[in-house]
Amino acid sequence: MNTKPSPPVHRIAGTRERGVVLIVTLVLVVILSLVGTFAIRNATQSERSVNGIRSAEVAREAAETALRFCEQVAIFDGDDKDYTEYASVGMRARIITTPIGSEFDETAAWRKKASWAGNSAIVVPKAYVNKKPTGTTVDTTPLEIEPRCLIQKIATTSTPSLTGYLITARGFANNARFETSTGVATQGAEAWLQSVLTRDK
């Protein structure tokens with residue numbers, strides 16, 4: 001009996017190789033997508049951080065502006081004068097005359113929300129906020145919320161006794177929201193600064 005040997009079977013290896021290449025390609029696409037997503041997320045987070053720092057700095061500079069303005073009001077009051085520059089009116093009448101012992105006094109007006117909502121709070125005039133040195137151009141975004149401050153008289157019981165003023169200033173960035181009816185900032189960057197002006201009695 002003659003039996004013919006069966007012909008050799010030829011396997012096509014290319015099919016299996018193409019399947020492996022497809023899987024590797026898909027894995028690489030997934031990895032690249034994840035890397036791209038993380039890069040975008042990190043860039044967004046960095047931008048938010050930078051914007052937060054910028055807003056905090058704007059609020060601090062606004063508070064510094066209010067502090068300097070109200071120091072002038074207090075100095076003029078110490079000389080029995082009213083500060084009327086930059087079209088400001090009635091600044092001296094806004095000074096809280098109920099004296100406190102120091103800036104740490106628990107009864108200080110700056111600690112009460114109502115003080116910031118009433119007529120005691122001095123809103124710094126826009127002309128002062130937007131002033132710039134002569135001969136210079138400043139390309140900045142104007143503040144949407146004018147900075148404000150409180151001035152309260154100080155009379156210490158120490159020896160020698162000192163009289164003067166406690167000045168508390170608040171500044172806001174343009175991302176802030178300030179409710180004038182309650183004296184509360186509901187969102188955004190806000191900065192507080194204080195100074196004490198005293199003289200020997």
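The values are calculated or read from the model by the stated rules, or taken from the named source; none is laboratory data. Bear in mind that the values here come from a model prediction, so they are computed numbers and not experimental data. Every residue, glycine among them, receives a Cβ derived from its backbone with ideal geometry; neighbour counts consider all protein chains shown. Quick note on the areas: whole protein, heavy atoms, side chains included, nothing else; ligands and nucleic acids left out. Shrake-Rupley method; radii C 1.70, N 1.55, O 1.52, S 1.80 Å.
Computed values, structure above
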| quantity | calculated |
| --- | --- |
| Selected residue (only one of 166, 197 is open to solvent by less than 60 Å² (accessible area, probe 1.4 Å), under 17 Å from residue 72 (Cβ atoms), modelled with pLDDT under 90 and of a type in the set (A, V, I, L, M)) | 197 |
| In the range 173-189, residue surrounded by the fewest Cβ atoms within 10 Å (Cβ to Cβ) [restricted to those that are touching a Phe, Trp or Tyr at 6+ places or on another chain (Cβ under 9 Å) and over 17 Å from residue 115 (Cα atoms)] | 188 |
| Among (1) open to solvent by less than 60 Å² (accessible area, probe 1.4 Å); (2) under 21 Å from residue 196 (Cα atoms); (3) assigned to a loop (DSSP other than H, G, I, E, B), the one test that residue 146 misses | (2) |
| Residues satisfying the stated conditions in the range 36-61, i.e. open to solvent by 100 Å² or more (accessible area, probe 1.4 Å), modelled with pLDDT of 75 or more and more than 20 Å from residue 171 (Cα to Cα) | 38, 40, 41 |
| Among (1) without any contact (Cβ under 8 Å) to a residue 40 or more places away in the chain; (2) in a loop (DSSP other than H, G, I, E, B); (3) within 26 Å of residue 199 (Cα to Cα), the one test that residue 93 misses | (2) |
| Options 103, 71, 64: the member that is outside any helix (DSSP H, G or I), surrounded by 15 or more Cβ atoms within 10 Å (Cβ to Cβ) and in contact (Cβ under 8 Å) with a residue 12 or more places away in the chain | 103 |
